[in-house]
Amino acid sequence: MKRNRLVATSVASTITLALALTACSSGGGGGNDNDGTGGEAEAGDITLWLAGPDTPDELRDYLVETFEAENPGSTLTIEQKEWPDLVTALTTALPDAENTPDVTEIGNTQASTFSTVGAFRDLTPLYEELGGDDLLPSFVEAGKVGDQNFALPYYFGSRYMFYRPDIWTAAGLEVPQNLAEFSESVKSLRTDTQSGFAMGGQDWRNGISWVFANGGELAVEEGGEWVSTLSDPSTITGLEQWQDVYAGASNVPATAQDVAYWEFLNDGEGGTPPEAATIMAPGWARWSIGELTTNDAGEEVRDGMADASKYDIFGLPGVDGGLAPVFAGGSNIAISEQSQHPELAENLLRIIFSEEYQTMLGENGLGPANSQYVDSLGDDKFAETMIATAADSKLTPPAPGWAAVEGALVYEELFQKIAEGGDVTALAAEYDEKITPMLNNG
C-alpha cells in the first residue's frame, strides 16, 4: 500500500551533491554523446531505482521481462529506495560511476536541483521519441535546464477531498461550491473527537493549495534569480485562509507532518465514529479507505471505497467556484550522467514510455506521463476527478535550490508556526529572507 512521501535530507548534503556533480559532469549538465538513435547496445547489467512502493510489482516484473527480452544478454535489477532516504542515497550514488543507478525515479519537486547540477544525462535527443509535447508539461519543465531535457515525467497524481457523505448529510451539508463554503462547512463539522477536515499543521503540500487558489506563488524568477514571494498579498491571503480552516476544522497537532489521513475516514473498532469527516489526499488513498474485507489470499484489505454511500470524493473548490489548483503529486525519471551503460538505460526508457507500459500505469491508478493514454485511468468518478484536478494542478518552483528548501524542512517549520496562530505577514517576511538564498543554492 502506498504511503505519504516525506523527503528528509540536509542542506549540507544538497550542497555536497552540487559540488560533487559539478566536478564530475561536463559543464551545465549533460555534456554527453547521446544522439537518440537507439539501435543495438552492448550487453550489460543496469539498475533502476524506484521510490517507495508506488510502482506495483506487476509493472516491475513487466519492465524486467521486457527489457531482458529486448536486450539479450543484459539484465535489469530494480531496487526500491524509500522516499525519506532517496535524496541522500542519490547524493551519495550519482557521482560514483561504480555505484550509480543507471535510471532513477525522482520526486518532481527534486528534479530541478539534480538536473541543474549535472546529475542526469541529456535526454533532449530522445524527447520526441518518448512522447514530446504529449508529456505532462509541468513535469517536463521541472526536469529542464534551458532548452535541454534531463528528467522526464514518470507518472502524475493529484489531490482531492475524500469525505463521509453520511456525516455531511446528517449535518445538512452538501458538496461545497467555493472555497469559503468549504471552509465554513468543515469548521461546522468539527467536534472534540472528530476533525471536520483533518490536516496536520506542518502539511504544506496540501496547504499551498490555498495559496494557489488565491493566485499566489511560492517563488518567482526575477532577472535570473529566484525570489521567495510569501509576502505577496495573494500569498498572504491564501496562508491566512489556510490558518483559519486549520484552526477551525482540524484536531491534528500543529507538529504533525506525515499523516496517513486516509485511515481517519474509517470507523473505529466496534463501529465508533471516524476521526475525520473530510480529508485531502492523493487519488491512490482510495485503496486504504473502506471496510475491511478478506481477499482470495486470506489477507485483510480495504474495499477501495466500494460503498459509495459511505465514502465519496470531490475536488477542492476554487475561490469563485470551479476547481482550486492543487499541488501535483508524481515523479520524474532520469538517466544518471555517470551510467556506464547509457544506451541500455535509454532502451529502458523506451519501454517505460511505450503505449503498453503507459497504459499499465493508468490501469493501476497512476497518471500516465503521456496524455494520449490517460483514458487508461478509466471513466469512473476517481478517474474523472483525478484528471480534472491534475489539469489545474501546480508544481513547486523549479529553482536550483528547491531540494535544499525541502531538505531543511523550512516549509514544515513555517506552516507549523502559522498553524500555531502566528502572524502570517510577519512570518512571511521572515521566511522570504530565509528561503530566497536557498532557492539559488546560496
If the label point sits 7 Å along Cα→Cβ of Ser138, residues of segment 393-431 with amide N under 20 Å come out as 393-407, 411-412
Sticking with the crude label model, points 7 Å out along Cα→Cβ, report the distance from Asp244 to Lys394 in nm, one decimal please.
-> 1.9
Could you provide, to the nearest whole Å², the per residue accessible area of the chain with probe 1.4 Å?
-> 39
Could you tell me whether segment 32-156 comes out rounded, prolate or oblate from its Cα gyration tensor? Rule is a ≥ b ≥ c as square roots of the eigenvalues, rounded for a/c under 1.5, then prolate if a/b exceeds b/c, otherwise oblate.
-> rounded
How long is the gain from Asp303 to Val319 if the chain were fully straight, where each residue apart is worth 0.36 nm and the alpha carbon distance is subtracted?
-> 2.4 nm
Rank Ser115, Pro137, Phe182 by how far each Cα sits towards the positive end of the charge dipole of the chain (+1 on Lys, Arg Cβ; -1 on Asp, Glu Cβ) and give me just the farthest.
-> Phe182
Going from most exposed to least, what order do Val410, Val319 have by accessible area with a 1.4 Å probe?
-> Val319, Val410
Taking amide H positions as placed 1.01 Å from N in the peptide plane, with prolines and chain starts having none, which residues 5 or more places from Thr75, or on another chain, fall under 5 Å of its amide H?
-> Gly44, Asp45, Ile46
Anchor Lys394: lysines whose Cα lies under 18 Å away (excluding residues fewer than 8 positions away in-chain) | Lys144
Calc'd 3J(HN,Hα), segment 110-122, phi into Karplus 6.51 cos²θ - 1.76 cosθ + 1.60 (θ = phi - 60°), Hz, glycine/Pro = x, comes to 9, 4, 5, 5, 5, 5, 5, 8, x, 6, 10, 6, 5
What is the magnitude of the charge dipole of the chain about its Cα centre, with +1 placed on the Cβ of each Lys and Arg, -1 on the Cβ of each Asp and Glu, and no other charges, expressed in debye to the nearest 20?
-> 1180
Hey, what angle do you get for helix 424-439 against the long axis of the chain, alpha-carbon based, 0 to 90 degrees rounded to 10?
-> 10
Peptides ranked, highest mean first, by Cβ atoms within 10 Å: ranges 349-355, 396-402 | 396-402, 349-355
Aspartates and glutamates within cross-link reach of Lys434: Cα-Cα under 18 Å, excluding same-chain residues under 8 positions apart?
-> Glu217, Glu221, Glu222, Glu225, Asp232, Glu406, Glu412, Glu413, Asp423
Under the rule rounded for a/c under 1.5, else prolate if a/b exceeds b/c, else oblate, using alpha carbon gyration tensor axes a ≥ b ≥ c, segment 320-431 is classed as oblate
Taking the Cα centre of segment 299-431 as origin, sum charge times position over the Cβ atoms of Lys and Arg (+1) and Asp and Glu (-1), and report the length of that vector in debye to the nearest 20.
-> 280
Helix-only CD estimate at 222 nm, as mean residue ellipticity for the chain, using -39500 (n - 2.57) per DSSP H run (n ≥ 4) = -10500 deg cm²/dmol
Could you please put Glu68, Glu363 in sequence from largest to smallest accessible area, using a 1.4 Å probe?
-> Glu363, Glu68
Report relative contact order for segment 110-241 in percent, whole number only (criteria: Cα-Cα under 8 Å, sequence separation at least 6).
-> 14
When you count, for each residue, the other Cβ atoms within 10 Å and take the mean per peptide, how do 193-205, 245-257 rank with the highest first?
-> 193-205, 245-257
Tally Lys and Arg at +1 and Asp and Glu at -1 over the other residues with C-beta under 12 Å from the C-beta of Phe415: what net charge comes out?
-> -2
Using a 1.4 Å probe and ignoring any ligands, DNA or RNA, find the accessible area of Lys187 and quote it in Å² to the nearest 10.
-> 50
Excluding residues fewer than 8 places away in the same chain, name every one of the lysines whose C-alpha is closer than 21 Å to that of Lys381.
-> Lys2, Lys310
When the accessible area of the chain is computed with all protein chains present and a 1.4 Å probe, what percentage of it is carbon and sulfur?
-> 47
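The values are calculated or read from the model by the stated rules, or taken from the named source; none is laboratory data. Remember, it's a predicted structure, so these values are computed and weren't measured experimentally. All Cβ positions, glycine included, derive from the backbone under ideal geometry; neighbour counts span all protein chains shown. Please note that ligands, DNA and RNA were not included when accessible areas were found on the heavy atoms of the full protein model with its side chains. Shrake-Rupley method; radii C 1.70, N 1.55, O 1.52, S 1.80 Å.
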